[in-house]
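Report on the structure given below.
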Amino acid sequence: MSRRGCSEDSEARQTLLSSSESEPEEVDSDGGEDILYSSQRIPSHDDQGSAPRRLTYEEAVEEAGFGVFHGLLLLVCGWANASDAVEILCVSFLLPTARCDLQLSSSDMGLLTASIFLGMMVGGYLWGYLADLRGRKRVLIVSLSVNGVFGALASLAPWFWLFLLMRFISGVGVGGSIPVIFSYFSEFLPRLRRGAMISSLATFWMAGNILAAGLAWWVIPASWAHVQLGPLTMQSWRVFVVLCSVPSLSSALLFSLMMPESPKFLMEAGRKKEALHVFRVMFSVNHWRSSKTFPMFGLVTSSPHSQTRVSSQASCCGRLLEMGLAPIRQIFSGPLRSRSFVLLVVFYTISFGYYGLWMWFPELFKRTEDGGSPCANVSRVPQLLNQSSCYPPNTAVYMEGFIVAASNLPGNIFTIFVMDRVGGKTLLSCSLMVSSVSVFFIYVVQTKAGSLVLSCIFSGVSVIGWNALDVVGTELYPTQLRSSALGFFTGVGRVAAITGNVVFGSLVDSNCAVPILLVSALLLAGGLVALLLPQTKQTDLS
């Protein structure tokens, strides 16, 4: 049995490490249980003769403490969540100018906004399944890299179809990081802190939204943001697309250099020594000012043979399709069936409503420049398609987009302080129903200021629903199905987002009342159905 010096504690405090796969220090085995001793204390004869404590995952997380490690974890995972928001929402901000350079009709714009969601639908379940099979960290690094690389390449596309393809592939990457990041993050958290911390992570979506709106406001109207690259003129909106890829690439780098694998995944995969090493890193960073030593304990899991099962499946290439469909069959069978059907409806309705409307906000604001409702200005659409209407860009459109993005802040603060007290189910249902009312009045109101105020209300209230859904979705499924389930349901949400954007693109010029009122009706239906979900407030992760 190898022994390392006390300097290991100081090294763990300087970095979160990505070396959870390395041999942990001073590990022994006792009846199949892995035991880790503090490096500052050599086990005595009495220790070796006595039975060590054997802790469950939840108990081991509590033993590791809560502190600096979780703050750094929140920043790294939050930046990844923000990068996904930037990549998704950047398309909505470039539409008012890119439509002229790429010669886009309203239907083309609907396809463009839908393309990233189509990629997310494909990537969501694929990456979620791989995360349950191979690990959260590895999937996050690859998916974030795909997102950033192809998002940047889209800026060089001279034709609409090529731009569409690059956005689709970028969406495949986004589809992997969104569901996996919440599974990964939740598996480091003690039970009583989980709701507030996941709500805090969800607030970084707002940060990404504000970042995208701020970049658009700063770059797209700017005369300096034009670059000539050979035959291709990099208009300001293309520079904006490049800048939007930076958060994803930097997030992938942070995960590869700093973050360990999820200890919950390692335990369920039978890799207890590596899980113990991660708990040691968490303990060392959380107690970096304390002389407290890491305690001795073993780990027990509910599924000790999970790694054998996964390995045998992974080696059977001929059963790839069956392997991929197996998690879906599990989440729609037995005690998980009823909650899965409810989540199916909720994910569809909130995604159709939020993304169907949100992605068109800048375009709708452009149509209210002379006052009135967006639907009252259908007669102005032919003039809006002229080249002169795109340049110079109107900064008011981006300012209004920034204001709506910033209106997420009250909702995010509210969920952080209320989530663990009220529970995700209640917040989800109430948020969807209030969002429905606000969308209905967006159609009814007849002034530009009124449209902006109601859009801010919709933004601030709907984010409460998304934050609650992040918490509820994480707590409803066991570890071996969590990423697959979230990947599947986010895939369903992408189908809804695609449908919503295609419907808006098809009808916004002819009868925009239909998509707006449809959004209102679906959000109301989702809020009522959400009442059927089980309450998950402060429950243990299974």
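The values are calculated or read from the model by the stated rules, or taken from the named source; none is laboratory data. What you see is a predicted model; the values in this text were computed from it and never measured. Cβ placement follows ideal geometry from the backbone for every residue including glycine, while neighbour counts extend to all protein chains displayed. Please note that ligands, DNA and RNA were not included when accessible areas were found on the heavy atoms of the full protein model with its side chains. Shrake-Rupley method; radii C 1.70, N 1.55, O 1.52, S 1.80 Å.
On full extension of the chain, what length is gained from H226 through A449, given 0.36 nm per residue of separation minus the C-alpha to C-alpha distance?
Details: separation 223, 0.36 × 223 = 80.28 nm, distance 3.24 nm.
Once the chain is fully extended between H226 and A449, it gains 77.0 nm.
Determine the alpha carbon to alpha carbon distance for each of K137/K273; K425/K448; K137/K272 and list only those over 24 Å.
On the way: K137/K273 17 Å; K425/K448 34 Å; K137/K272 17 Å.
K425/K448, as the Cα separations exceed 24 Å there.
Considering amide H positions built from the backbone, and no H for Pro or chain starts, which residues 5 or more places from F297, or on another chain, come under 5 Å of its amide H?
Hits under the 5 Å cutoff: L36.
Return the sequence-ordered ³J(HN,Hα) values of segment 99-111 in whole Hz as given by the Karplus equation 6.51 cos²θ - 1.76 cosθ + 1.60 applied to θ = phi - 60°, using x for Gly and Pro.
4, 6, 5, 9, 6, 9, 8, 4, 5, 4, 5, x, 5
Of Y129, Y398, which has the most accessible area and how do the rest follow, probe 1.4 Å? Intermediate results must be reported in sequence, preceding the final value.
Details: Y129 30, Y398 0 Å².
These residues rank, largest area first, as Y129, Y398.
Just to confirm, what accessible area per residue do you get for segment 95-169 at 1.4 Å probe, in whole Å²?
On the way: 2480 Å² over 75 residues.
In whole numbers, segment 95-169 has 33 Å² accessible per residue.
Give, rounded to the nearest 20 debye, the magnitude of the charge dipole that segment 87-184 has about its Cα centre when Lys and Arg contribute +1 at Cβ and Asp and Glu contribute -1 at Cβ. Don't skip to the answer; put the middle values down first.
Working: 6 positive and 4 negative charges, 71 e Å.
The calculation lands at about 340 debye.
Would you kindly derive the ³J(HN,Hα) couplings of segment 339-352 from the backbone phi angles with the Karplus curve 6.51 cos²θ - 1.76 cosθ + 1.60 (θ = phi - 60°), listing them in order in whole Hz, with x for Gly and Pro?
Each residue's phi maps through the Karplus curve to give 5, 5, 5, 5, 4, 4, 5, 5, 4, 5, 5, 5, 6, 4 Hz.
When only alpha-carbon atoms count, how far does segment 78-126 stretch along each of its three principal axes, as whole angstroms with the largest first?
Here the spans come out as 34, 22, 12 Å, largest first.
Roughly how much of Y443 is accessible, in Å² to the nearest 10, using a 1.4 Å probe?
Ignoring ligands and nucleic acids, Y443 comes out at about 80 Å².
Between S290 and L532, what length comes free when the chain is fully extended (0.36 nm per residue of separation minus the Cα-Cα distance, one decimal in nm)? All intermediate terms of the calculation are to be shown ahead of the outcome.
Working: separation 242, 0.36 × 242 = 87.12 nm, distance 4.61 nm.
In short, 82.5 nm is gained.
Testing the spin-label approximation: label points 7 Å from Cα along Cα→Cβ at L162 and L325. State their distance in nm.
Taking the two extended label points, one gets 3.9 nm.
Karplus couplings for segment 112-123 from phi (6.51 cos²θ - 1.76 cosθ + 1.60, θ = phi - 60°), rounded to Hz, Gly and Pro as x?
Working through the residues one at a time gives 5, 5, 7, 4, 5, 6, 5, x, 5, 5, 5, x Hz.
Taking Cα centroids, how far is segment 242-283 from segment 416-459 in Å?
35 Å
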